[in-house]
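Nothing in this text is a laboratory measurement; each read-out follows from the coordinates by a stated rule. Everything numeric here is computed off the predicted structure, so don't read it as measured data. Methodologically, a virtual Cβ is constructed for each residue, glycine included, from the backbone with ideal geometry; neighbour enumeration extends over all protein chains shown.
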Amino acid sequence: MLSSFYTAAQANTRQAIASIDISHEYHQPIGEHSYVYHPKQPIQAIQARQLFQQGQFTRQNSPTINFGIGAKPTWIAVEFLNPNDKPTSRFFQIKNSWLNRIELYQFHQQAVTKVRILGDQYPFDQRADNGRYFNSMLMLPLGKSQLLLHITSPDPMVVPMYLLTHNQAADELEFESYTYGFIYGAITCLLIYNLMLFIGMRSISYLLYSLFLFSFLLMNIAYTGHGFRWFWSNTPMWQQWGLPLLMMAFNVFGLLFALRFLNIRQLYPRLHRLISTICIGFPGLFGLAYLFDDQVMALILAFDFMLLFSFLMLMLGFFAWRANMPNAKIFLLASVSSMLGTATTGLAVIGVIPYSNMTFRAGEVGLLIDVVLLALALANKFRISERDKLHAEYMAKTDPLTGLNNRRAFYQKTQQFIKASKADKSLVVVIIDIDHFKAINDNYGHQTGDKVLIAIAKQIQASQRQQDIAARWGGEEFIIVLPQTKMKAAQAIAEGIRQRISQLRFSADASDLAVTASIGLAYGHLRNTAFDELIEQADKQLYQAKSQGRNQTCPLIAQTA
């Protein structure tokens, strides 16, 4: 009687198992159709199947099975129903790349029809296909069959299981190829561009940003499985330790870049010391975990550092924004994007939020937006730096009051003319001096004197031809070089300037102030007369104009061969 009761209970339990009808297509993970069991001690596949049939497994209520980092070895069972009139093949896929060991057993009736051992603790070359995920082609017989998985891994035990038709698998592969091609292409272009800028400019900011991009690229290809497939297929140890190490590198280079880019050392020295200590402390702890071969601790440190990294980048952007740092808003927006993306992926992987294709790839999208925005911010910083540099160069060569060339710029431009002019090197030097300028400053103040200087500089600029070189020569003196100009034409230009100056009026002490200027000119050919000699001769003519009563031009034609 007890035996018949147990048999009936077992039958009822057997009927309660939800089977996956393969006549339908499943576009989402099939975790909700699966059952899990955590044995207290190791068991064999046959025992696991018996426990599953006896109802000892627990049905899952989410599309993706997720037990987080350092989970105990787990059995997962799925039952398939093939209502077709012939066996049907389906593509079974666990859509991640970091589980250490997966034992796959397929049962039909009382026999094991398929056994496969997968996992990243084995060289990639031992896999039956070139897929970067854990794949297996299942031939599902008529009626019901079971698939049991035994998974052992210190990595986040995330098991997104998919059951796909051949067309679905091909479409998935094509879509991911395009999207990853776009991501890797964009990051590689940014990386090459910023490396070239670093080589050309020797700016540490560009080097740190390039390392940040490179570590992001390596980190991505590590956790997506591309790296194991393409670059280190025969190095399972690197596959298991590389991801947390690259996460550490990404965080460190990102924070070091942010500290330098936002000038945190000068703005917030204590914050700079704190974050510098964090950038040393976490990798140091990771090194200890590696020495003690504690992969679980290394993964916990890496994921915790990733979450802390997102928060610190956001905090740095906020503090820089408060300090009115240029590009702080762009940096803050980039940090928000990175934080949301990495936090979503990190929380999904460790099991805090539901795992899906969208939450898994949220980190890629967020970080891609982040690096693009940071590239724009870095480019904008470079543009501002170049603008400031050009402005500084301009100010170094420009008289700040009048906007004319100063003496330094005057000599640079005249020397360029002298070197460039191979044939006709004749020219006229004109020196202009404001009459009684000291009296203007003494009687009406320096502010009025500045207005006079500015107004006369404008008259000189208005008379200046494209090839002429004008500068403020001294306190109230101006100089003009008129290349390839005869004395008669130069005298007409100088006389026009003198007349316009004499017509200027300035308001001073409730009266109009009139000013005049005296002008000296010297003409010569540089084959026979040194340039400085022409300046000296024009200066002598200026003093002659002053001695003759001021407000006049006084020319001198130098002797030529």
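Tabulated data for the structure shown
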read-out	value
Model label zone, Y122; criterion: amide N under 17 Å from point 7 Å along Cα-to-beta-carbon; scope segment 76-100	92-100
Residue exposure sequence - L195, L211, L390 - by fewest surrounding Cβ within 10 Å	L390, L195, L211
Note, ³J(HN,Hα) from phi for segment 62-74, Karplus 6.51, -1.76, 1.60, rounded to Hz, x at Gly and Pro	10, x, 10, 6, 8, 10, x, 7, x, 5, 5, x, 10
The chain, relative contact order [Cα under 8 Å, separation at least 6], %	10 percent
L308 versus D85: modelled label distance in nm, points set 7 Å from Cα along the beta carbon direction	6.5 nm
Convex hull volume of segment 179-390 per residue (C-alpha atoms, cubic angstrom)	126 Å³
Dipole of the chain [Lys/Arg +1, Asp/Glu -1 at C-beta], most positive-end residue of L376, Q50, T277	L376
Residue (of L308, P236, L259) at the positive-pole extreme of segment 229-357, dipole from beta-carbon charges	L259
Modelled FRET efficiency - R0 35 Å, K438 with S385, Cβ distances, 0.05 increments	0.25
Under-5 Å amide H pairs with T235, H placed in peptide plane, nonlocal only	F124
Lys/Arg +1, Asp/Glu -1 at C-beta; the chain dipole; positive extreme among T64, P326, T188	P326
Theoretical gain in end-to-end length, E32 to M395 [0.36 nm per residue, Cα-Cα removed]	123.6 nm
Helical mean residue ellipticity (222 nm; -39500 (n - 2.57) per DSSP H run of 4+; nearest 500) of the chain	-18500 deg cm²/dmol
Calculated Rg and Dmax of segment 110-210 using C-alpha coordinates, Å	21.3, 71
Fewest-first ranking of Y209, Y523, Y105, Y178, using other Cβ atoms within 10 Å as the exposure measure	Y178, Y105, Y523, Y209
At 0.890 mPa s and 25 °C, Stokes D of the chain from Kirkwood alpha-carbon radius, µm² per second	80 µm²/s
Amide H contacts under 5 Å for K425, placed H, 5+ residues apart	L526
Dipole moment magnitude, nearest 20 debye, the chain about Cα centre, only Lys, Arg, Asp, Glu C-beta charged	860 debye
Extension gain, D294 back to M137 (0.36 nm per residue minus Cα-Cα distance, nm)	53.1 nm
Estimated FRET transfer efficiency (S23, Q47; beta-carbon r; R0 30 Å; 0.05)	0.45
Listed pairs K397/K438; K451/K486; K114/K144; K438/K540 exceeding 24 Å between Cα atoms	K397/K438; K451/K486
Amide H contacts of T113 (H built 1.01 Å from N, under 5 Å, at least 5 apart or other chain)	Q106, F107, H108
Rounded Å value of the spacing that divides the Cα centres of segment 88-142 and segment 384-420	73 Å
Segment 14-164, Cα convex hull volume normalised per residue, Å³	108 Å³
Residue-span extension gain [Q466 to V372] - 0.36 nm each, minus C-alpha spacing	29.5 nm
Beta bridges by DSSP in the chain, antiparallel share as percent, to the nearest 5	90 percent
